[in-house]
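Take a look at the structure below.
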Amino acid sequence: MDATISWKGKRKFTAIADSEREVIIDAKPDAGGEGQGVRPMELLLMGLGGCTGIDMIMILERMRLKIDRLDMQVSGERAETEPQKYTHFTITYIVDSPDAPLEKVVRAVKLSQEKYCSVAHSLNAPIDAVIELNGERHLV
């Protein structure tokens with residue numbers, strides 16, 4: 001897997017990887033950018049959410065569950081000193097399903113985070129999970 005990142009002036013870059021989809025990356029204005037793209041640390045959160053989301057759908061489909069909605073809210077806490085890396089993540093899985101018992105959704109979350117999600121395994125910070133199943137909130 002490869003990616004090519006090309007500078008487009010100021011703090012703006014374009015990135016293209018094997019999928020051949022272009023992503024615009026830019027810094028916020030107070031860091032010299034123009035805010036015309038996604039910030040690198042935001043991309044990391046998006047990658048984590050996308051990775052675990054793909055896992056979740058695949059696992060829940062294998063369990064033969066009907067999923068009407070799966071959204072993830074991913075938040076990251078960062079260190080106050082440089083390099084201001086992420087020190088902790090929380091993923092809230094918002095699931096609407098007429099037939100998914102909480103135990104199966106918890107199992108899917110654990111399988112994703114502990115076995116399948118390559119992004120989660122590439123990070124060096126703990127990840128907490130919260131499940132919001134049909135409007136009811138549960139800590140995992």
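The table below lists the values:
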item: Which listed residue is of a type in the set (Val, Ile, Thr) and surrounded by 11 or more Cβ atoms within 10 Å (Cβ to Cβ), from 81, 87; result: 87
item: Some residue of segment 2-17 being touching a Leu at 6+ places or on another chain (Cβ under 6 Å) and either among the charged types (D, E, K, R) or assigned to a helix (DSSP H, G or I) (or both); result: no
item: Where a residue in segment 55-82 is in contact (Cβ under 8 Å) with a residue 12 or more places away in the chain and its partner, wherever it lies, is of a type in the set (Phe, Trp, Tyr), with Cβ under 6 Å and at least six apart; result: 55/116; 72/93; 76/86; 76/89; 78/86
item: Subset tally (residues that are charged (D, E, K, R), within 13 Å of residue 91 (Cα to Cα), surrounded by 13 or more Cβ atoms within 10 Å (Cβ to Cβ) and over 16 Å from the mean Cα position of the chain (by Cα)) for segment 104-140; result: 1
item: Residue satisfying all of: in segment 108-126; among the hydrophobic types (A, V, I, L, M, F, W, C) and without any contact (Cβ under 8 Å) to a residue 60 or more places away in the chain; farthest from residue 60 (Cα to Cα) among these; result: 125
item: Hey, residue 76 under 18 Å from the mean Cα position of the chain (by Cα) and at pLDDT 95 or above or not; result: yes
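The values are calculated or read from the model by the stated rules, or taken from the named source; none is laboratory data. Keep in mind that this is a model prediction, so the values were computed, not measured. Ideal geometry is used to build each Cβ from the backbone, glycine not excepted, and the neighbour counts take in all protein chains shown.
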